[in-house]
1. Using alpha carbon centroids, what distance separates segment 266-298 and segment 108-184, in Å?
2. Classify segment 228-298 from the C-alpha gyration tensor, please: rounded if a/c falls under 1.5, else prolate or oblate depending on whether a/b exceeds b/c.
3. Net charge around ARG249, counting only other residues with Cβ within less than 11 Å of its Cβ (Lys, Arg = +1; Asp, Glu = -1)?
4. For the chain, what is the mean residue ellipticity at 222 nm derived from helices alone (per DSSP H run of n ≥ 4: -39500 (n - 2.57); sum divided by total residues; nearest 500 deg cm²/dmol)?
5. Quick one: which residues, 5 or more positions from ILE203 or on another chain, have an amide H under 5 Å from its amide H? H modelled 1.01 Å from N in the peptide plane, none for Pro or chain starts.
6. Taking the alpha-carbon distance from LYS32 and a cut-off under 19 Å, which aspartates and glutamates remain once sequence neighbours fewer than 8 residues away in the same chain are dropped?
7. With every protein chain kept in place and ligands, DNA and RNA left out, what is the accessible area per residue of segment 107-235? Probe 1.4 Å, answer in Å².
8. Name the shape class, rounded, prolate or oblate, that the alpha-carbon gyration tensor gives for segment 195-237, where a ≥ b ≥ c are the square roots of its eigenvalues, rounded holds for a/c under 1.5, and otherwise prolate holds if a/b is larger than b/c and oblate otherwise.
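The values are calculated or read from the model by the stated rules, or taken from the named source; none is laboratory data. On a predicted model such as this, the values are computed, not experimentally measured, just so you know. No Cβ is skipped: glycine too gets one built from the backbone with ideal geometry, and neighbour counts run over all protein chains shown. Ligands, DNA and RNA are stripped out before the accessible areas are found, and what is left, the full protein with its side chains, is counted by its heavy atoms. Shrake-Rupley method; radii C 1.70, N 1.55, O 1.52, S 1.80 Å.
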Amino acid sequence: MKKMNPNAAYRVKTDGFHGELFCPIQDAYPGKALICFSGSDGKFELTRRLAAVFQSHGLTVLALAYVMEEGLPDQFYHVPIDTLEAATKRLHDMGYEKVGLWGVSKGAELALTAGSLLPGLVNAVAAVAPVSTVCQGFTKKKGIMLLPGSSWSFHGEELPYTSFGLKKFPFGHVLRKSLAARELTMYDLYLPVVQKPNPAAVIKVEKIAGPVLLISSRMDTMWTSELAAEQVTDRLRQHDFPYFYQHLRYDYGGHLFVPVEFWMTKLFKGDRGENREPGRKARMDSLAKTLEFIEKWR
């Protein structure tokens, strides 16, 4: 295995992807590396914190940005999965035989989609609070605006997507629902997307060449992650998926189901008030289960 500098940085212009490599002092998972990324917050800060958590448990982790950094799109529209392809190739070139993906929310959509497109490079996928279809693109430059196309592209081609069926983002409806629920929710927006997706846009998870872990919370009201995770496992079952797969459902914890304390988790009732401690325990248990999952990579 090639020598590496701890926390080495990579940039799109020179390396084809934007990331930071977190190498543990003692490698507890030799030959394995994880690429992690966050969701539609678009911030690299959370991704780096997640990478540091996995690093502290002896795992080599590449924190990856796919939007909002130099050389990357500034909106969730035609985001190239090519950068993730370049990152997986780099890790394999470094000598890592098994490279897995870990993504939360929009990042879970990316992890499942990229895993299905890169079976020779991606060897496992962990999708936290996922959806089961490629979704329509959007921008957050001036509030939230829906864009007429896919969130993702690959090798210059737009991926098929499921449309929200709306001309513009229903800000007033989302605001009223969120105020009534006392937490941010877009459940009504995503429910028809997951229930009646464009058949061509359903993520072909059966093409993933390795084990799949899905994690959801029953208290996730941001979108339909529990239903989507069940759809994914049903599809894997129907296709006689030859690798290990599992859906972990938790009773507590919100949409941002991450094994770190982060201010955005408090946007959701699953991590507030009387749910705060059981939500924290659930999120930390998901970390232990994820590490067990990584041990099973073959």
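1. Segment 266-298 and segment 108-184 have Cα centres separated by 23 Å.
2. Numbers: a/c = 3.18, a/b = 1.87, b/c = 1.70.
The shape class here is prolate.
3. On the way: positive: ARG218; negative: ASP220, GLU226, GLU230, ASP251.
Cβ neighbours under 11 Å give a net charge of -3.
4. On the way: 8 runs with 95 residues, N = 298.
Only helices count here, giving -10000 deg cm²/dmol.
5. Hits under the 5 Å cutoff: THR133, VAL134.
6. The qualifying aspartates and glutamates are GLU20, GLU85, ASP93, GLU97, GLU292, GLU295.
7. Details: 5260 Å² over 129 residues.
Normalised by residue count, the accessible surface of segment 107-235 is 41 Å².
8. Here segment 195-237 falls in the oblate category.
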